[in-house]
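These notes are about the structure you will find just below.
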Amino acid sequence: MKDVYQNCPVFENEFYYLRQVKKQDRDDLLKVYSDRKAVCFFNSDNCGGDDFYYTSEQRMQEAIEYWDFEYQRSGFVRWTILSKASKEAIGTIELFHRDATDYFTNCGLLRLDLRSDYEKADEIVKILDMILKPTYSLFHCDKIATKAIHKATERIKALKALGFHYTDEKLIGHDGTEYDFYFVLSS
């Protein structure tokens, strides 16, 4: 498969469409990132203190610009999740290859940010099912990890349905901070 940072692939099924984040997604994504019910499920581990709670168009635009910067420097890919039914952006997926000295090495680290009305197991399965298999070759990894806190019951249900299992292993951050609540899917 081609380098994901040279040619970002698009994924779709009958319900959703995934494509690289664009500036015109700002207004829809502001609804996601200003959704207080949703933000608690976002993974901000190792993100320099950013909690991903954005309440202004300016802050959302800055985030999109930063995501594009990271893509250009091969840091991570951020896809917009577009609902075919509502014709709007309802969240994002971030993926990157992680090399580390902890358990989460040679890992595709996945972050899923969804508007709270889409935080349902069946919707999460429909979304993630499109991208999981290609992740191994796109990000040259042998496992995929994603965070789901205990109260993310719908997300956990979806992850288990997709074959993920909970691990007690800690992800060690840049500054030595230990992060937990990770689920892993092995190739």
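Counting only helical runs of four or more DSSP H residues, what would the 222 nm mean residue ellipticity of the chain come to if each run contributes -39,500 (n - 2.57) and the total is spread over all its residues? Numbers along the way, then the final one.
Working: 6 runs with 52 residues, N = 187.
Estimated from H runs of four or more residues: -7500 deg cm²/dmol.
Under a point-charge model restricted to the Cβ atoms of Lys and Arg (+1) and Asp and Glu (-1), what is the dipole moment magnitude of the stretch 11-186 relative to its Cα centre, in debye to the nearest 20?
Taking the Cα centre of the stretch 11-186 as origin, the dipole is about 440 debye.
Between beta-carbons, use under 12 Å as the cut-off and find the net charge around Arg78, counting Lys and Arg +1, Asp and Glu -1.
Counting the neighbours of Arg78, the net charge comes to -3.
Find how much the distance from Ala161 to Asp142 grows on full extension, using 0.36 nm per residue of separation minus their present alpha carbon separation; answer in nm with one decimal.
Between Ala161 and Asp142, full extension yields an extra 4.9 nm.
Any chance you could get the radius of gyration and Dmax over the Cα atoms of the stretch 11-186, in Å?
15.1, 43
Would you pull out the residues with amide H under 5 Å of Tyr16's amide H, same chain only if 5 or more places away, H placed 1.01 Å from N?
Amide H to amide H, under 5 Å and 5 or more residues apart or across chains, Tyr16 pairs with Lys84.
What is the distance, in nm, between label points placed 7 Å from the Cα along the Cα-to-Cβ direction at Ser56 and at Gln6?
About 4.1 nm, to one decimal.
Considering the options Ile124, Gln72, Leu109, tell which one lies farthest towards the positive end of the dipole of the stretch 28-173, charges being +1 on Lys and Arg and -1 on Asp and Glu at the Cβ, about the Cα centre.
Selected residue: Ile124.
Is there a quick way to get the dipole size of the stretch 1-66? I mean about its Cα centre, with the Cβ of Lys and Arg at +1 and of Asp and Glu at -1; what is the value in debye to the nearest 20?
Working: 9 positive and 13 negative charges, 17 e Å.
My answer is approximately 80 debye.
List the residues of the stretch 95-118 whose backbone N lies under 12 Å from a point placed 7 Å from the Cα of Lys37 along the Cα-to-Cβ direction.
Within reach of a label on Lys37, which here means backbone N under 12 Å from a point 7 Å along Cα→Cβ, the stretch 95-118 contributes 115-118.
Please tell me which of these pairs span more than 29 angstrom C-alpha to C-alpha: Lys23/Lys84; Lys23/Lys151; Lys31/Lys170; Lys87/Lys143? Spell out each step's value before the answer.
On the way: Lys23/Lys84 19 Å; Lys23/Lys151 32 Å; Lys31/Lys170 31 Å; Lys87/Lys143 32 Å.
Those over the limit are Lys23/Lys151; Lys31/Lys170; Lys87/Lys143.
Taking the Cα centre as origin and putting +1 on Lys and Arg beta-carbons and -1 on Asp and Glu beta-carbons, what dipole magnitude results for the stretch 94-163, to the nearest 20 debye?
Its charge dipole is roughly 160 debye.
I need the trypsin sites (Lys or Arg not before Pro) found in the stretch 96-187, filtered to DSSP loop residues with at most 16 other beta carbons within 10 Å of theirs.
Values: sites: Arg98, Arg111, Arg115, Lys120, Lys126, Lys143, Lys147, Lys151, Arg155, Lys157, Lys160, Lys170; in loops: Arg115, Lys120, Lys151, Lys170.
Sparse-neighbourhood loop trypsin sites (Lys or Arg not before Pro): Lys120, Lys151, Lys170.
Laboratory data are not the source of any read-out in this text; all were calculated from the coordinates shown. Treat the numbers as computed from the prediction; the structure is a model and nothing was measured. For neighbour counting, all protein chains shown are included, and Cβ atoms are generated from backbone atoms with ideal geometry for every residue, glycine included.
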